[in-house]
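Let me begin by presenting the structure, written as structure tokens, before commenting on it.
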Amino acid sequence: MSKITTELLLERAVPRSTRLRKIETLNLSRLQLKTGDLDPRLFSRLRHLQKLDLSDNFLDKFPNGLTLPDLRVLNCNNNKLEDVTALKQFPLLEELTYENNVYLTLNDDYKVMFLLQNLRLLNGKDITKLANHVRRVNSRKLTSKVTAHWEKFFRDQFPEKYTPEQVKSIKKKFLKSVQTNVVYGPSSLSEFTRWRVKMIAEELLARSLGLDLNTDPEPEEKMDDSEEESTKSPEEAAEDVDQVGDFSSYINNVTVTTSKRKRNNSKPGSGNKRSKTQANAKEEAEDVSAEPLHFLQCHSKGNSREDFKTQLWSCAFEPLLDCGARKGELLKSSSRTVATCGGESVCLIDCETGTVLKKYKVATEEFFSVAWTTLTMVISNNRKKSHNILAAAGRRGIVKLIHVVADFCYGEIKAHKKPIATLCFSPTRETHLFTASYDKRIVLWDIGIPDCDYNFKASQLLRLETLSIPLRIALVPTCPDHYLLAGCEDGCFAWNIKLDKEQKSRPFEAVFQFPNEDGGLTTSHRVDGLAFLNDDVLVSKSSKPRCIYLWSWSRSFDTKGKGCQRTVSAVILAELEWSPTDLSYLTLSTCPAKDYVFCGDEQGSVWMYNLSNYSTAWSSAKGKRSDRRIPPTQILKWPELRENGKQLSEVLINNVVSDPTFTYLVVLTSVNITAIWKKS
């Protein structure tokens, strides 16, 4: 039931009133109101309301249809507003304040200046001159650019007679292209510019083609929000952000060739069918299980389209917020938003649309790793709300903590004096973060939970000593608070990480032996890929060419064994056939829910292994090692990408990651290209 009643409105009127239609000033502050409490049917009776105070509530947006035709002054300070476009329903508004709404940015200021033609004061400042510039000069410049883009690239694509399907297709391509390529003003206003460009483009199409304007606009997609240092305000930090480019919007002659290797029952010489994909595919193998969606170049240094040298290293899918699902269910699902890192930037990408939603940049950094956690934060009046937090780290040894919804890098942890190779959050303790560094240490941190003012306190809980640089880390799924494994430059190791021990600095508890090329066993080899396929089976890639091992954690490591620094033999279950290259740091990943392993190679290909037929046998205590190497189920070949007529060559696949349901596959390369495939 709504908190607002007719009696409350009459009582809170200034002065008190006996009829709703006579109220001119109304104070509804400090009532813990939510958006659903603003009943349009009740508010429509406030026909002569001129001043409204809604400060110090919990409003996240304004519902449409409030119908306050005479509203002149509105106070929305200290709420949780995320969007301002609904304010256009108050066309006579002259004074507006919405300070201390952490989700609103400078871009929202410009939106209200454009939408509210009579607005004079915004957050106590006279914006008359700036607003006129936004409404006239800015609009004129953008209209000119949008029109030029249409005339140059799209006008001639229309035949004299066109079908509704052709119109729809051209409209979709034009809106995406124009929002990507039309740039104007400072980068801190890129979201506003993109919003206006879309609006102008739709008006242009309506005039030129007789189309109806979209009266139900799509949800806003923010781009280029950045925090460089935690001491800066969101507005200051946004000045340091570059524009983001969509690689797929300007690359020419994309040829996508994929191949699928079948197991022993495949017929030799089977032919290929020809079909088209969304990325201009010209060849596609029979029964291909994944197709290319997007090729993006969004980590360029200085936003240069000539940058094909920036290495992309890590990506992680954003988890779904808990909406009543159990923890185990959440771990098997995710959103379609992925965080990628490489060079000086971290990007958030919508895998379905290929849109770069946000971009964070630190000019002096080179990011190597990203990881997500979900923190339950107290926001106000002891109310709790879950928010996804992104941690990013790299060459400077500093962990950046980013509140994604608020577009705010709220803090940093100076974790190591040398670069951080990889990050990992505990699946059971939301504030526990492991950082593995070139200083030959793995450190467990409690990052704390920020308060409503983003104050937080991080503390070091544990330090694990390694003999060489840790490259990949993995927590044992059945006991993630007890054991951690690390693939290092010189071996694979395990530590006891139980916090009930007093010892804060610990050596490794075991080092694993693997077969070497001479038929013997060795502990000394580079392990640059490490991940669990299920609760027991580990997948690791070492410096030994052409081989990826699958081995059993429970049968290799006796948790009841005594003493530290034991040497134990890895119980090998199978070997996966892989590339003959001796290049290192082409890491692997797994999709436990689908029993898949992924690994890229030195030729731009992605090797995919569906191991569902083997997992049952491996789970048996008597499970034997497979006698032959398991070939890939499918190999996705790198497409022939051309820029200015020149084919991109020598593409290394540094990382391949799928979402938990294996809907999307994100491929990170050595040539500054993020490729997104979708399982068909």
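Shown for segment 364-432: the carbon plus sulfur share of the solvent-accessible area, taken with all protein chains present and a 1.4 angstrom probe, equals 48%.
Taking 0.36 nm per residue of separation and subtracting the Cα-Cα distance, full extension of the segment from residue 157 to residue 679 would add 184.9 nm. Distance between the 7 Å Cα→Cβ label points at residue 418 and residue 478: 3.4 nm. Legend: calculated FRET efficiency, residue 203 to residue 353, from the Cβ-Cβ distance at R0 = 22 Å, rounded to 0.05, equals 0.50.
Of the peptides 355-362, 296-303, 455-462, 439-446, the order by per-residue mean of other Cβ atoms within 10 Å, starting with the highest, comes out as 355-362, 296-303, 439-446, 455-462.
Here segment 474-513 was treated as a single set of alpha-carbon atoms; its pair distances binned every 5 Å from 0 give 6, 23, 30, 24, 12, 4 percent. Checked against a 25 Å cut-off, the cross-linked pairs 172/358; 384/679; 359/678 give Cα-Cα distances beyond that limit for 384/679. Coupling constants for segment 463-471 follow from the phi torsions by the Karplus curve (6.51 cos²θ - 1.76 cosθ + 1.60, θ = phi - 60°), and in residue order they are 10, 9, 8, 10, 8, 8, 5, x, 9 Hz; glycine and proline get x. Taking chymotrypsin sites (Phe, Trp or Tyr not before Pro) across segment 119-169, the ones in a DSSP loop with at most 15 further Cβ atoms lying within 10 angstrom of their Cβ are 162. Per-residue extension of 0.36 nm, minus the Cα-Cα distance of residue 581 and residue 460, leaves a gain of 39.6 nm for this segment. Of the peptides 476-487, 400-411, the ranking by mean beta-carbon count within 10 Å, highest at the top, reads 400-411, 476-487. Residue 95 sits with roughly 60 Å² accessible to a 1.4 Å probe, with DNA, RNA and ligands left out of the calculation. Measuring with a 1.4 angstrom probe and ignoring ligands and nucleic acids, residue 616 comes out at about 100 Å² accessible. Here segment 6-209 yields Rg over Rh of 1.07, to two decimals, using C-alpha coordinates and the Kirkwood radius. Accessible surface calculations at 1.4 Å, restricted to protein heavy atoms, place segment 467-625 at 40 Å² per residue.
Could you check how much of the accessible area of segment 453-548 is carbon and sulfur, as a whole percent, using a 1.4 Å probe? Accessible surface attributable to carbon and sulfur in segment 453-548 totals 45 percent. Solvent exposure of segment 6-209 amounts to 51 Å² per residue of accessible area, where only protein heavy atoms count and the probe is 1.4 Å.
Close amide-amide hydrogen proximity is noted between residue 397 and 420, each under 5 Å apart and 5 or more residues distant or on a separate chain (H modeled in the peptide plane; Pro and chain starts excluded).
Note on segment 6-209: with neighbouring protein chains present and a 1.4 Å probe, carbon and sulfur make up 48 percent of its accessible heavy-atom surface. Restricting segment 580-675 to GluC sites (Glu not before Pro) that sit in a DSSP loop and have at most 15 other Cβ atoms within 10 Å of their own Cβ leaves 650.
The values are calculated or read from the model by the stated rules, or taken from the named source; none is laboratory data. Bear in mind that the values here come from a model prediction, so they are computed numbers and not experimental data. As a convention, Cβ positions derive from the backbone with ideal geometry for all residues, glycine included, and neighbour counts pool all protein chains shown. We work out accessible area using only protein heavy atoms, side chains counted, and drop any ligands, DNA or RNA first. Shrake-Rupley method; radii C 1.70, N 1.55, O 1.52, S 1.80 Å.
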